[in-house]
Amino acid sequence: MDFLLITPQARPGVALIQLNRPKELNALNGQLVREIRDALQALDADEAVRVVVLTGSERAFAAGADIKEMAGKTAVDMFLDERFATLEQIRRFRKPLIGAVSGFALGGGCELAMTCDMLVASETAQFGQPEIRLGTMPGAGGTQRLARAVGKAKAMEMVLTGEFISAHEAHRVGLVNRVVPVGQYLEEAFRLAARIAAMSPVAARLAKESINRVFETHLEEGLHFERKNFYLTFASEDQKEGMAAFVEKRKPDFKGR
Ligand code: DAK
């Protein structure tokens, strides 16, 4: 891994992936995106990992796809470039994924942030889809996820003007879960991750899958999917342990079984 720093147990049960192309503000070249995909695949298979935190640097989460790499490409080159199909594979990551965002989250960087399940932002974070300034438009889910996250009017404004929004505005419109001072965003993400890591990983995975269905299906189908996943939690030892612990007035010990 040339462009990533990975700590499988940054906290108990919590892995950290840090984008590490600082001079280029973590611009997403093909290799970096592939490395993120491969890292997530490995962490998905690692039973000791229950939650993953994805972060960049204090100055930039990621300033977008690498414009220098993309500038001379033809439509067919872009069509054949599997880089952002890779984002779809990242979206299929099964464990809870928390983005810890500071500085720029732009273009493909904003799209990458939006593939996370939750976002913790530093006060310095800025979110934007500035592709229109380059004569293009978001191509890795930006129009779809942004409109779902912040509503049509705000998404139109961001995508059509290319202007950035601040962390506080991102919080106000529902793009991020919380905003904290710049020195604390990673710690806050770990705090959130630790709370989730203490839960049943079986239930967490089924619940994440169910919430994601909201964006992929109609209500009736989504309700049906949710119910099936709910029943499935009763096949887990974790559900027995969670309810027994409640009755016995003790803390549950979830094993992911
Ligand atoms: N690509 C390449 N290099 C970048 C970059 C980027 N996106 N962003 C920044 N850098 C580089 C700068 O060129 C500079 O490098 P040097 O000149 O030092 O060699 C270094 O990072 C520091 O940047 P600045 O000197 O510009 O720093 P400032 O603080 O002055 O400005 C900035 C920071 C983030 C406002 C500015 O760098 C900026 O506007 N960056 C570009 C942001 C942007 O337009 N992002 C969107 C890119 S387009 C696809 C689907 C989706 C996409 C692609 C394909 N398919 C379906 C195939 C996505 C497209 C995009 O994301």
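Points to keep in mind about this one:
- Gained length - residue 85 relative to residue 152, 0.36 nm times residue gap less alpha-carbon distance: 21.7 nm
- Oblate is the label for region 66-116, because the ratio a/c of its alpha-carbon gyration tensor axes (a ≥ b ≥ c) is 1.5 or higher and a/b is not greater than b/c.
- Local electrostatic count at residue 142 - Lys and Arg +1, Asp and Glu -1, tallied over other residues with Cβ under 9 Å: -1
- Distance between the 7 Å Cα→Cβ label points at residue 243 and residue 191: 3.3 nm.
- Alpha-carbon spread of the chain, three principal axes, descending order, Å: 63, 40, 36
- Only beta bridges with both residues in the chain are counted; by DSSP, about 25 percent of them are antiparallel.
- Between residue 166 and residue 230, the modelled label-to-label distance comes to 4.2 nm, taking each label 7 Å out from Cα in the direction of the beta carbon.
- Cα shape, region 138-256, gyration tensor, a/c 1.5 rule: oblate
- With neighbours defined as other Cβ atoms within 10 Å of a residue's Cβ, the residues 6, 17, 67 order from fewest to most as 67, 6, 17.
- Exposed loop sites here mean chymotrypsin sites (Phe, Trp or Tyr not before Pro) with a DSSP loop assignment and at most 16 other beta-carbon atoms within 10 Å; the chain contains its longest site-free run at 1-214.
- By definition, a body whose alpha carbon gyration tensor gives a ≥ b ≥ c is oblate when a/c is 1.5 or more and a/b is not larger than b/c, and region 1-86 fits this oblate description.
- A simple spin-label model places the labels of residue 67 and residue 211 3.4 nm from each other, with each point 7 Å out along Cα-to-Cβ.
- Sorted by Cβ density within 10 Å, fewest first, the residues 2, 117, 46: 2, 46, 117
- Only helices enter this figure: runs of n ≥ 4 DSSP H residues, each worth -39500 (n - 2.57), summed and divided by the residues of the chain, yield -13500 deg cm²/dmol at 222 nm to the nearest 500.
- Comparing 12, 138, 181 in a Gaussian network model of the chain, where Cα atoms under 10 Å apart are tied by springs, the biggest mean-square fluctuation is seen for 181.
- Each of 251, 240 was scored by other Cβ atoms within 10 Å of its Cβ. Listed from fewest to most, they are 251, 240.
- Sparsely packed GluC sites (Glu not before Pro) within region 9-66, loop by DSSP, other Cβ within 10 Å at most 12: 47
- Here the translational diffusion coefficient of region 100-187 follows from Stokes-Einstein with Rh set to the Kirkwood radius across Cα pairs; for 10 °C and 1.306 mPa s it amounts to 126 µm²/s.
- Based on the reciprocal of the average 1/r between different C-alpha atoms, the Kirkwood radius for region 34-128 equals 14.1 Å.
Throughout, read-outs are computed from the coordinates displayed, never taken from laboratory work. Small disclaimer: the values here were computed from a predicted structure and weren't measured. Heads up, the Cβs are rebuilt from the backbone with ideal geometry, glycines too, and the neighbour counts pull from every protein chain shown.
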